[in-house]
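This report concerns only the one structure given below.
Read-outs: derived from the displayed coordinates by stated rules, not from any lab. Quantities reported herein were computed from a predicted structural model and do not represent experimental measurements. As a convention, Cβ positions derive from the backbone with ideal geometry for all residues, glycine included, and neighbour counts pool all protein chains shown.
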Amino acid sequence: MRFINFEEGSGPQELFIDETQAPELSAGKVIIQVHAFGINRADTLQRQGKYPPPPGESSILGLEAAGEIIAVADDVSQWRVGDKVFGLMPGGGYAEQAIVDAGHLMPLPSGVSMEAAAGLAEVFLTAYQALFSICDVQSGERALIHAGASGVGLAALQLCRLKDIKTAVTASSSQKLESCKQMGATLLINYKTQDFAEELSAQWQDGVNAIVDFVGGDYLNRNLQVLAKDGSIVYLAMLAGRYADSLDMALMLTKRARIQGSTLRSRTDEYKSALISAFTRDFLGEFATGNLQVNLDTVLDVDDIGKAHQKLEQNDTQGKVVVRW
């Protein structure tokens, strides 16, 4: 089969199509013929040599894909050859065939294209986990979503809208903020021209109950400033670098704040299966009705894989970048 290969430490334009052995079926797994795959920051970091795959997993890039099942292990009963599916994998998505844990797949919703489905799993499961599993935000409460026009940000805004959770967002341009508004954001903050802590303190004096942050750095203490008592902050990335502010312990104690970091790729298979099952129960049907949508920034052909990585690294996206075979 064909797959996307790379030399560790190489640039986006050095990604190339190569050939390797197709995956072999094993217990609890299915093999899908990949129609399209999503691009994630973890992929660009792995290419750069900064984020190796979990031990024992495929070194091929790619954490999510959509396609058609072509083989099913004997101990798998919920899927059949020919089923159209999408889901998560710890690696191997940038290939014509991918082996996937049977519990990490979801059925393609009615009316959703393969390209859209290829960009659904990572962003919506990450947002769902952060908001409801970790922060436990409730209807009628408030959330602050940083990087609101990112794939996870736009997914989080939609989930909050359906659960009647008011949202504030930060983004870098009026165009990106408009995209956030269309997905349900209530308070729009341009972080290049406005201080989000000052704006939120002026508009929502009682603070926010949950904060989803990808930045870190000098956002840490400002997040605490606008957090309501007993609120939660979840960190999903560190775009401002590995180290953050000197933590204001007094502020954290006063707010009774909970600060937690999270990644999805390194979670156990059992955790991912439970998360996918809960998301399927709570939200998957909303894609068929149109109440939820995958925000696609760009769909590219596989020959343009370098451009896909480049767009992410330049922060030149509003929603997901997806590549199709």
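Go through the stretch 17-52 and give me each residue that's closer than 22 Å to L236 by Cα and under 17 Å from the mean Cα position of the chain (by Cα).
Once the filter is applied, which keeps residues that are closer than 22 Å to L236 by Cα and under 17 Å from the mean Cα position of the chain (by Cα), the stretch 17-52 yields F37, G38, I39, N40, R41, A42, D43, T44, L45, Q46, Y51.
Only residues that are at positive phi and surrounded by 14 or more Cβ atoms within 10 Å (Cβ to Cβ): list them for the stretch 45-66, please.
Correct list: G62 only.
Collect the residues in the stretch 59-90 that are assigned to a loop (DSSP other than H, G, I, E, B), under 20 Å from the mean Cα position of the chain (by Cα) and in contact (Cβ under 8 Å) with a residue 40 or more places away in the chain, keeping them in residue-number order.
Of everything in the stretch 59-90, those that are assigned to a loop (DSSP other than H, G, I, E, B), under 20 Å from the mean Cα position of the chain (by Cα) and in contact (Cβ under 8 Å) with a residue 40 or more places away in the chain turn out to be I60, L61, G62, L63, P90.
Here is a check on your reading of the model: is V321 outside any strand (DSSP E or B), touching a residue at least 40 places away in the same chain (Cβ under 8 Å) and under 27 Å from G184 (Cα atoms)? Even if it seems obvious, please write down each step before you answer.
Details: outside any strand (DSSP E or B): no; touching a residue at least 40 places away in the same chain (Cβ under 8 Å): yes; under 27 Å from G184 (Cα atoms): yes.
So V321 fails the test.
Among the helices (runs of 4 or more DSSP H) confined wholly to the stretch 220-295, which include 3 or more residues that are free of Cβ contacts under 8 Å to residues at least 12 places away in the same chain, loosely packed, with under 15 Cβ neighbours inside 10 Å and of a type in the set (A, V, I, L, M, F, W, C)? Write out each step before concluding.
On the way: elements: 249-255, 269-279, 285-289.
In the stretch 220-295, 249-255 are the helices (runs of 4 or more DSSP H) which contain 3 or more residues that are free of Cβ contacts under 8 Å to residues at least 12 places away in the same chain, loosely packed, with under 15 Cβ neighbours inside 10 Å and of a type in the set (A, V, I, L, M, F, W, C).
All but one of (1) among the small types (G, A, S); (2) part of a helix (DSSP H, G or I); (3) over 18 Å from D43 (Cβ atoms) hold for A117; which doesn't?
(3)
For the stretch 15-35, does any single residue satisfy the condition of being surrounded by fewer than 24 Cβ atoms within 10 Å (Cβ to Cβ), at positive phi and free of Cβ contacts under 8 Å to residues at least 60 places away in the same chain?
Within the stretch 15-35, not a single residue is surrounded by fewer than 24 Cβ atoms within 10 Å (Cβ to Cβ), at positive phi and free of Cβ contacts under 8 Å to residues at least 60 places away in the same chain.
Just checking, which of A149, A156, A98 is part of a loop (DSSP other than H, G, I, E, B), among the hydrophobic types (A, V, I, L, M, F, W, C) and crowded, with 24+ Cβ neighbours inside 10 Å?
Checking each option against the conditions leaves just A149.
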